[in-house]
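Below is one structure, written out as structure tokens; comments come after it.
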Amino acid sequence: MKNVLSRVLSIVLLSLAVAPLSGGALAQGSGALGVRDDSNPAYWSDRWRGWHFYEDPPQEEVEPPSRPAPSTAPRPTASPRPPELVEFERLQKTLEDLRNIAIMRPSEANVRRYMELEMQVVNRASYFADVAQRVAWATPDLDPSLQGRPVNAQALEVFERQQRTDRSASVANLGRDHVLFFFYRSDCPYCHAFGPTLQAFEARHGIQVVAVSVDGGPLPGFPRARPDNGIATALQVTQVPAVFLAQPSSGKIMPIGSGVLSESQLLERISIVSSPQGEAMLPSATRHLALP
């Protein structure tokens, strides 16, 4: 009996707790039957929906982003192509088509059509070459025959003579703080043949030649030759005769070449490797050693 009373009391208390909410929902309803009012969607005030603890709240409507108005500015129009380009492309396409047709079906008519059009193209190119040549003659800066090494025999002789003079002056200027290392072996016939050329080169261009004997033996014309103290190994000299351009003050050494070289070859190579452009072209060939 006591348990029954306790359960009844609990139901009464729960009814009292829910009553205010239900009354509010009835007051907001649209009739005695409690018709659902959509103007207030809160679920706790709607008696027909009940007490839903896990019902999600209504989502807010999001307005779609406004699209920018289309631009009314006029679009830039492409400039018309030159008629010469249009004609050239048409001619190129026609020539290619006729060639392909003649290859796939080499009849006399097909081959003749291709060859006739090809001859027209060759004539146009020849006329272009003639006009370009006349323009070059009238404009020295555009004449390729005046740029670099001349092709005319008489002009070539003058060019080489002037080049030797300039290179000789450059080598003489280098002789102020540079020397030529000449590595030789006393039993090498090529070293004996190359020795007089280096002697004449030293006397004519004013750069000192320092002879280094790899095997410790003498060589005619170089009574003050030095025995190798390991510098040949450091420079990886594997073939003699070998010549290096060295600057003792900085220890910088640059290879000139191996084998028997002529005076003009020595002038050319020394001028090239001593120029800033030459050093940039061969950075790995330049070494720095402590010279005696």
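Quick look at the values:
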quantity: Condition check for residue 111: touching a residue at least 24 places away in the same chain (Cβ under 8 Å) and more than 36 Å from the chain's Cα centre (by Cα); calculated: no
quantity: Unique residue being out of contact with any Ser or Thr (no Cβ under 9 Å at 6 or more places or on another chain), within 30 Å of residue 219 (Cα to Cα) and either among the basic types (Lys, Arg) or not assigned by TED's automatic domain parsing to the domain that holds residue 236 (or both) when the list is 81, 176, 99, 90; calculated: 176
quantity: Number of positions in segment 156-206 that are touching a strand residue (DSSP E or B) at 6+ places or on another chain (Cβ under 6 Å) and aliphatic (A, V, I, L, M); calculated: 3
quantity: So residue 199, is it of a type outside the set (D, E, K, R), under 23 Å from residue 271 (Cβ atoms) and in the same structural domain as residue 173 (by TED's automatic domain parsing); calculated: yes
quantity: Odd one out for residue 259 among (1) modelled with pLDDT of 90 or more; (2) under 29 Å from the mean Cα position of the chain (by Cα); (3) over 13 Å from residue 180 (Cβ atoms); calculated: (2)
quantity: Residue 126 closer than 30 Å to residue 206 by Cα and small (Gly, Ala, Ser); calculated: no
quantity: Conditions (1) in the same structural domain as residue 265 (by TED's automatic domain parsing); (2) modelled with pLDDT of 95 or more; (3) among the aliphatic types (A, V, I, L, M); number of the one not met by residue 169; calculated: (2)
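The values are calculated or read from the model by the stated rules, or taken from the named source; none is laboratory data. Predicted, not measured: the structure shown is a model, and the values here were computed from it. In this analysis, Cβ positions are derived from the backbone assuming ideal geometry, glycine residues included, and neighbour counts consider all displayed protein chains.
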